[in-house]
Amino acid sequence: MAEFNNVHSVTEMPGDDAKRSFHHRMFLEPQEKKRSMKALMVKQAKKTCSCTPAKVKDYVFSFFPVLQWLPKYKLREYLLGDIMSGVIVGVLLVPQSIAYSLLAGQEPIYGLYTSFFASIIYFIFGTSRHISVGIFGVLCLMVGQVVDREIQRAGYDLEPAALSVLTDTAAYVNTTILPVNQTLQKLLCDKSCYAITVGATMTFIAGVYQVAMGFFQVGFVSVYLSDSLLSGFVTGASFTILTSQAKYLLGLDIPRSSGIGSLIATWINIFRNIHKTNICDLITSFLCFLVLIPTKELNEYFKSRLKAPIPVELVVIVAATLASHFGNLRDTYGSSVAGHIPTGFLPPRPPDWNLIPNVALDAIPIAIIGFAITVSLSEMFAKKHGYSVRANQEMYAIGFCNIIPSFFHCFTTSAALAKTLVKESTGCRTQMSGMVTSLVILLVLLVIAPLFYSLQKCVLAVITIVNLRGALRKFKDLPKMWHLSRVDTVIWLVTMAASALISTEIGLLVGVCFSMLCVIFRTQRPEAPLLGWVAESETYESLSAYKNLQTKPGIVVFRFEAPLYYINKECFKSTLYKQTGVNPVWVKEAKKKAAKRMLKEKEVDSSGNQTSISMDFVSEPLGFHTIVIDCCAVQFLDTAGIRTLKEVCKDYREIDIQVLLAQCNPSVRSSLIRGEFFKEGEDHLLFHSVHQAVDFALDAQGHSGTSTSK
């Protein structure tokens, strides 16, 4: 194909206004077509399967980014900032790890394990210099819901007397070497042991999903999680987190609700048992709020002046532990405490493969939320500090941060915004700060952990709730968000409400589906204005948006601001007919009826008076002779869209109105040619600008008028 199409344009003769303009052909030579799919696959296979020392080295350095930046580490320039930020984040992370363990339905020691291993593994595999990977409240909530469900299925919520009978029976059956059922086997592992088994198994599966996403390069999934959707989801989940921690504030011993409507069910349960409130826990919670909230606000208000935030959470935990220990609050007032926290590490243990079918589905939203938050945060801070991150490598990194620790009694992790902001603001330069954080947590694991035996659980609940302030403050941004984008605001509200009132997993699904429906609805009923000419230019803009635009006599310029496909094809036709004021189908029907009436009147009245009136009606002018469709906003056409354009052109042609297409992108042009939109010799009706199309129509009408007068 030597030329793409013949495009007519009008060029004014310089210095002579009286002279008539003329046309010239614009030749566009298309690029060579891409190779066939088979050739591309063969080329990619050769590239992938080839093995050279240089390629192996590049692959290893790419898979382990630490090998790239660690040899170039500037000791004098980076070390002080990394040590300071690492210590500060570690000090903040210790109380949060213990508190969020409660949210995930785990013992405090497992939260410390999780934070320790996540920092080390991301140090090796991560490409971001600033993000802090560890425990994230929303993921802990999702893990905790699954853990509670599986604990109930396993029978761990039976009465203590029944548990002792079943345990004794299981031991007796084991000694007689008889087969035992699954429930009795599970009871040989206590509730805490089984809870971390469920959490670790789900963490392993979530990590496998994330690594698979990185391997198959399906990071595009995260584009369906818009900022407004993620923000609404986190805020909705924050209400569920707050609800799950409320019982600890009051010292109530009630079962954790799960499933659809768990938030409402939990509050009903709380109010039914409100008379059992532990006054000691309530007073402790109130005092902790009085200390934590003002200090946190001061930290934020003076963050530009403070070199490091005040570690108020650690101070509160130490003070509360000492008060509980010396006041003997557990024995005197029945306060619920953290209990024994062992030192050192437990021996590694693989996930329970038999649990995988039970938790495989639950791990999908956890994996997606985890990598979406990690990738978005890493890209945000990389852009801010002028370096690049690799999204697929980030998925590998967060995947291995879940797979490897799952063998060491850990649960799901991801990047966390609050700790990342602290890390950045306190001088972090590289992920060496993550190693320092791990050393701080290691010190707690080896030496300090048992000292938290008397720490009240209500203190941990207060720390968790206070850290939800950022998510709950999003309500203050709603007026600004509404002013900026009403659609995004509605997506935020729907996702937030569904996540809070239904469940976190269903809320995420509802948010994704609703946001996609919003996109579809916006393309289903797009803007479709008529355009006018900007004087002394070649520009055409919307008549409804701008004043003082001119229209060319006999020409209507119409723009459709969306792809033309099966969903909006009827909208395209109806809007075009409405804007032009001419429905060609109705005009044809009117002409047919007028012609029939003319024949009948001719038979009845031989004088011809009525016939002349009918002929006048049939030949009544329509006000324009050309429609130019500006296709600059039409990204693509499907078969229904091509068929619709054919029908429109055919219908208008039958009533002596020509339709010209302008500013079609190469994809649309290719679709039109493949769809045989143009008959032989008609490809000149496709133009590269609206101005060219309008000039062509004016010139063609001028020649037509001249030939008619002759």
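The values are calculated or read from the model by the stated rules, or taken from the named source; none is laboratory data. A quick note: this is a predicted structure, and the numbers were derived from the prediction, not measured. Because the Cβ atoms are built from the backbone with ideal geometry, glycine has one as well, and the counts that use them run over all protein chains shown. Calculation scope for accessible area: heavy atoms of the full protein, side chains included, ligands and nucleic acids excluded. Shrake-Rupley method; radii C 1.70, N 1.55, O 1.52, S 1.80 Å.
If we scan the stretch 644-659, do we find a residue that is under 15 Å from Pro563 (Cβ atoms), of a type outside the set (Asp, Glu), in a helix (DSSP H, G or I) and open to solvent by less than 50 Å² (accessible area, probe 1.4 Å)? Yes, the stretch 644-659 has at least one match. Among the helices (runs of 4 or more DSSP H) confined to the stretch 450-551, the ones with at least 1 residues that are under 30 Å from Ser238 (Cβ atoms), without any contact (Cβ under 8 Å) to a residue 40 or more places away in the chain and open to solvent by 60 Å² or more (accessible area, probe 1.4 Å) are located at 478-484, 486-501, 504-524. Scanning the stretch 254-284 for residues that are under 20 Å from Ala320 (Cβ atoms), open to solvent by 40 Å² or more (accessible area, probe 1.4 Å) and in a loop (DSSP other than H, G, I, E, B) yields a total of 0.
Kindly indicate whether Val223 is touching a helix residue (DSSP H, G or I) at 6+ places or on another chain (Cβ under 9 Å), open to solvent by 30 Å² or more (accessible area, probe 1.4 Å) and either at pLDDT below 85 or not in a helix (DSSP H, G or I) (or both). When the stated conditions are applied, Val223 does not pass them.
Candidates are the residues of the stretch 122-133 that are open to solvent by less than 10 Å² (accessible area, probe 1.4 Å) and among the β-branched types (Val, Ile, Thr); the one that is nearest to Val422 (Cα to Cα) is Ile131. In the stretch 378-394, the residues that are buried (at least 16 other Cβ atoms within 10 Å of the Cβ) form Cβ pairs under 7 Å with partners that are acidic (Asp, Glu), at six or more places apart or across chains, as follows: Ser378/Glu394; Phe381/Glu424; Val389/Glu379.
On inspection, Ala416 passes the criterion of being touching a residue at least 24 places away in the same chain (Cβ under 8 Å), in the same structural domain as Ser499 (by the TED database) and surrounded by 20 or more Cβ atoms within 10 Å (Cβ to Cβ).
Just checking, does the stretch 207-217 include any residue being within 23 Å of Cys410 (Cα to Cα), open to solvent by 30 Å² or more (accessible area, probe 1.4 Å) and modelled with pLDDT under 85? There is no residue in the stretch 207-217 that is within 23 Å of Cys410 (Cα to Cα), open to solvent by 30 Å² or more (accessible area, probe 1.4 Å) and modelled with pLDDT under 85. When you check Ala391 against the structure, is it modelled with pLDDT of 85 or more and either among the basic types (Lys, Arg) or under 30 Å from Leu229 (Cβ atoms) (or both), yes or no? So Ala391 fails the test.
So for the stretch 640-657 (the condition being at positive phi and modelled with pLDDT under 80), does at least one residue qualify? Looking for residues that are at positive phi and modelled with pLDDT under 80, one finds none in the stretch 640-657, hence no. Quick check on the stretch 203-210. Is at least one of its residues farther than 19 Å from Cys458 by Cα, part of a helix (DSSP H, G or I) and in contact with a Pro (Cβ under 6 Å, 6 or more places away or on another chain)? Scanning the stretch 203-210, I find at least one residue that is farther than 19 Å from Cys458 by Cα, part of a helix (DSSP H, G or I) and in contact with a Pro (Cβ under 6 Å, 6 or more places away or on another chain), so the answer is yes. Listed here are the helices (runs of 4 or more DSSP H) enclosed by the stretch 348-437 that have at least 3 residues being under 26 Å from the mean Cα position of the chain (by Cα) and within 21 Å of Leu141 (Cα to Cα): 363-385, 391-403, 417-425. Looking at Thr243, Thr295, just one residue is closer than 21 Å to Cys140 by Cα, within 39 Å of the chain's Cα centre (by Cα) and in contact (Cβ under 8 Å) with a residue 12 or more places away in the chain, and that residue is Thr243. Every listed requirement among (1) within 19 Å of Gln431 (Cβ to Cβ); (2) open to solvent by 10 Å² or more (accessible area, probe 1.4 Å); (3) in a helix (DSSP H, G or I) is met by Gly86 save one, (2).
Among the residues making up the stretch 229-262, those that are among the aliphatic types (A, V, I, L, M) and either touching a Lys or Arg at 6+ places or on another chain (Cβ under 7 Å) or modelled with pLDDT under 85 (or both) are Leu230, Val234, Ala237, Ile241, Leu252, Ile254, Ile260.
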